[in-house]
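As structure tokens, the structure follows; a few thoughts come after it.
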Amino acid sequence: MEKVYFEPGFLPLAGGISKESRIAFAKYFGPKLYANGFLIDLLHFSHGENIQNKSEFEADIIKDLILDATLLIQQEAPRLVEGAFDPYQIFCLVQSGCDLFDSSYTVLCGEKGIAFNVSKDYAKTGAFSIVDFTEEKNKTDMGPLCSHCSCYTCKTFKRAYLHHLIACKEMLGFTLLIIHNMTEFDRMFEMIRTHLAQ
Ligand SMILES: [Zn+2]
């Protein structure tokens, strides 16, 4: 008789770029009673650095790669994807049945001097834009990073000051961009949840 564990755990569904391997993993792990969730391994498609065997993120290919496997696992169990994925990629992964993500993209961007804003129609299109504070055009811009954002960074500082901090490699600059990026990530997931609830 199979031993049942009661500790919470996410079971990994690996398989790389092989659809057959992913289905084999899903058939084996999918029915396990002790699974509180599943980790869909897509790290090599992420923006993360120092990743071996990195592959280009192509939404159609990833959907084809994971969709059959996700249908074989318990449907009510959450599916976690680890790695730095941008708003459009998360939009595509949600459409492919993924539920949980980490926020490493917000930090990865912030550390490069980059902020992002999701579009008003994000929940339908996945569109977002980038503000690169290493670009000279922000040097004299006295507007906020984002006019509709209520985060500490956007309410307190101008783009020109953020550009100055990033140019000087001041840690405060990277921290302020990460604060905005995390706020924007929260707003993005709120938009996704609202859209899915409709
Ligand atoms: Zn902000």
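Taking Thr134 as the residue in question, decide whether it is among the β-branched types (Val, Ile, Thr) and assigned to a helix (DSSP H, G or I). It is false that Thr134 is among the β-branched types (Val, Ile, Thr) and assigned to a helix (DSSP H, G or I). Residue count for region 23-48 satisfying the condition of being exposed (fewer than 15 other Cβ atoms within 10 Å of the Cβ) and modelled with pLDDT under 85: 3. Taken over region 49-65, residues that are more than 18 Å from Leu100 (Cα to Cα), surrounded by 14 or more Cβ atoms within 10 Å (Cβ to Cβ) and not hydrophobic (A, V, I, L, M, F, W, C) amount to 2.
Restricting the first member to region 151-162 and to residues that are over 10 Å from Asp141 (Cα atoms), and the second to residues that are of a type in the set (Val, Ile, Thr) and within 8 Å of the ligand (Cβ to nearest atom), the beta-carbon pairs closer than 6 Å and six or more apart or on different chains are Cys151/Ile179; Cys151/Thr183; Tyr152/Ile179; Thr153/Ile179. Each residue in region 107-130 was checked for being farther than 16 Å from Leu176 by Cβ and in contact with a Cys (Cβ under 7 Å, 6 or more places away or on another chain), and 1 of them qualify. The selection criterion, being closer than 30 Å to Leu39 by Cβ and either more than 13 Å from the ligand (Cβ to nearest atom) or touching a helix residue (DSSP H, G or I) at 6+ places or on another chain (Cβ under 8 Å) (or both), holds for Phe185. Evaluating Leu145 against the criteria (1) away from the ligand (no atom under 16 Å from the Cβ); (2) crowded, with 16+ Cβ neighbours inside 10 Å; (3) more than 19 Å from Leu93 (Cα to Cα) leaves one unmet condition, (1). When Asp132, Asp121 are checked against the criterion of being surrounded by fewer than 20 Cβ atoms within 10 Å (Cβ to Cβ) and away from the ligand (no atom under 16 Å from the Cβ), Asp121 stands alone in meeting it.
The values are calculated or read from the model by the stated rules, or taken from the named source; none is laboratory data. Predicted model, so just to flag it, every value in this text is computed and none were measured. FYI the Cβ positions are ideal-geometry reconstructions off the backbone, even for glycines, and counts take in every protein chain you see.
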